[in-house]
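The values are calculated or read from the model by the stated rules, or taken from the named source; none is laboratory data. Since the model is a prediction, treat every value here as computed from it, not as a measurement. We place every Cβ from the backbone using ideal geometry, glycine too, and count neighbours over all the protein chains shown. Accessible surface is based on the protein model in full, side chains and every heavy atom, while ligands, DNA and RNA are left aside. Shrake-Rupley method; radii C 1.70, N 1.55, O 1.52, S 1.80 Å.
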Amino acid sequence: MIKHLFSALTLSIFAITQPVMAQLEENQDTTQSTIVKMYSDIEAFKRLKISGYIHAQFQYADSFGITSFSSGSFPSGTDKRFSIRRGRVKFQYDALANQKGIVTSSYVLGFDVTEKGLLIIDVFAKLTDPWIGWFSITAGKQNRPFGFEIPYSSSMRETPERGRMSQIIFPGERDLGAMLTIQGPKTSLYNWIKLDAGMFNGGGTRGPGVDGSEFDKFKDFIGHLSITRSTPSEKIKYALGASYYYGGFRIDTVNVYAVGVDVNGVNGFVKENSKSDFYGVSIGNRKEAIREYIGFDAQLSVDWKPGITTIRGEYIQGDQPGFTPTSTLSAAAATASPNAANNADIYKRPFNGAYFYFVQNILQTPVQLVVKYDWYDPNTKVSGDDIGKSVASSNKAFSAADIKYDTWGFGLAYRWDANLKLSAYYEIVKNETTKNVAADNGDLADNVLTIRLQVRF
């Protein structure tokens, strides 16, 4: 009897607890799936990186309305200004690394917000091979892979702006195209060597209305080979690079001139092609005005008792076709790479230029000293009073667009904290003088002082 009662009691308890246990198991499964989902969401959020920086500044120029490459020319009647030079926000999402630790894709979207409006800066995707991680393809709006100063971030650069030459031949720094990168992973013994090579539209992206859209059938090749090494202690770091650019733009129904000698033996621009050579020729069959550059760059950093010392330099030379200065195109910028089809005569010029940085951290203090020198010679075959000299009527004289510029910059920066830096930078601009171009008969009063507050996050 007792045995039967115990069995009945056991069955009753089981009948009562079974639904409860089932509910507990169901709740446990729900809790586990919720935790798994939360963990997945957190991991996805961790792969999204948000960064940016703000450059708020005050500038004072030597004279009113100067043409300047220090954050752009000053408006007429203005020699002082406050501005937001850059207000960058960058979103980068990296895919989950595979079993070999390779991140096979990354996506970047970047904006610039200033008093002039909102501008899309970066839009590109990067795909990396999932097997060895050596090969990547980057497609979209991105930095041009030429030299050091062009792709070097403005959030890291010690001077307010890139040099005059960099801004003229690579306006806007970025372009639309696709680039192949070959570099070993960080764990590779050969990570120190890198090759970037890509094809781009060639027009560059400079601001509102200048978006890098193609305007002819020609594409530009850009390549950069670099090595980066350090000593075992990493107290000394050094890098070397070589760059090559080959491209151009369509010649429409305009005259084309090249540097030569006229019938009187005077240097000037001699007509190479006439407008009539292009009448009746379909747009798709017109010739190309060639741009070709070669460059070499080097960097050295030494961490020693006086503080970290950094030295950088880059030299570029090549052929750059430019235009006749117009009311909307200053003489100083007449050799700038175009972003659209033009109806102005083309002038082919051999050029060269360079920049050199000396950056010294003062001991272990937050103070940093910067000295920079750069030059840009838009026409290496003419100088001094030969600029503007009269030539035969069938040719064209050299103009203010052929004047060489040297720029010295001196700066002092103070790192307030991990996110904020204050800096003062003074640029002394020296132009080549010539008595035959009235506007440039003497050194222009175009020095600029920039006081900047930079915030990084």
Roughly to the nearest percent, how much of the accessible area of the chain is carbon and sulfur, given a 1.4 Å probe? 62 percent
How far, in nm, would the chain grow between THR309 and TYR238 when pulled straight, counting 0.36 nm per residue and subtracting the alpha carbon separation? 24.4 nm
Which value in Å is the Kirkwood Rh of the stretch 396-457 over different Cα pairs? 14.2 Å
For the stretch 145-161, Karplus-derived ³J(HN,Hα) couplings (6.51, -1.76, 1.60; θ = phi - 60°; whole Hz; x for glycine and proline) come out as x, 10, x, 9, 5, 4, x, 5, 5, 5, 6, 9, 5, 7, 9, x, 9
Compute the angle between helix 2-46 and the longest alpha-carbon principal axis of the chain, please, reported from 0 to 90 degrees and rounded to the nearest 10. 10 degrees
Determine, from the Cβ-Cβ distance of THR67 and LYS275 and an R0 of 30 Å, the FRET efficiency 1/(1 + (r/R0)^6), rounded to the nearest 0.05. 0.55
Between ILE50 and LEU300, 0.36 nm times their residue separation minus their Cα-Cα distance comes to what? 87.0 nm
For the chain, what relative contact order do you get, as a whole percent, if you take Cα pairs closer than 8 Å and at least 6 residues apart? 12 percent
So if R0 is 25 Å, what FRET efficiency would ASN436 and GLU288 give, r being the distance between their Cβ atoms, rounded to the nearest 0.05? 0.15
Given pairs LYS217/LYS287; LYS90/LYS194; LYS49/LYS116; LYS194/LYS237; LYS348/LYS381 and cut-off 19 Å on Cα-Cα distance, the over-length ones are LYS90/LYS194; LYS49/LYS116
Before I look further, what does the stretch 307-457 give for accessible area per residue, probe 1.4 Å, in whole square angstrom? 44 Å²
At q = 0.09, 0.12, 0.14, 0.17 Å⁻¹, what base-10 log of I(q)/I(0) does the Debye formula yield for the stretch 323-457 when every alpha carbon is treated as an equal point scatterer in vacuo? -0.40, -0.64, -0.78, -0.97
Rg/Rh of the chain (Cα atoms, Kirkwood Rh), to two decimals, equals 1.16
Multiply the residue gap between VAL455 and ALA344 by 0.36 nm, knock off their C-alpha separation, and tell me the result in nm, one decimal place. 35.7 nm
Near LYS271, which aspartates and glutamates are there with a Cα under 12 Å away, not counting those fewer than 8 places off in the same chain? ASP262, ASP345
Summing -39500 (n - 2.57) over the DSSP H runs of n ≥ 4 in the chain and dividing by its residue number, what mean residue ellipticity at 222 nm do you reach, to the nearest 500 deg cm²/dmol? -4000 deg cm²/dmol
Which of rounded, prolate or oblate describes the stretch 221-275 when judged by the alpha-carbon gyration tensor and an a/c cut-off of 1.5? oblate
Classify the stretch 57-185 as rounded, prolate or oblate from the Cα gyration tensor: take a ≥ b ≥ c as the square roots of its eigenvalues, call it rounded if a/c is under 1.5, otherwise prolate when a/b beats b/c and oblate if not. prolate
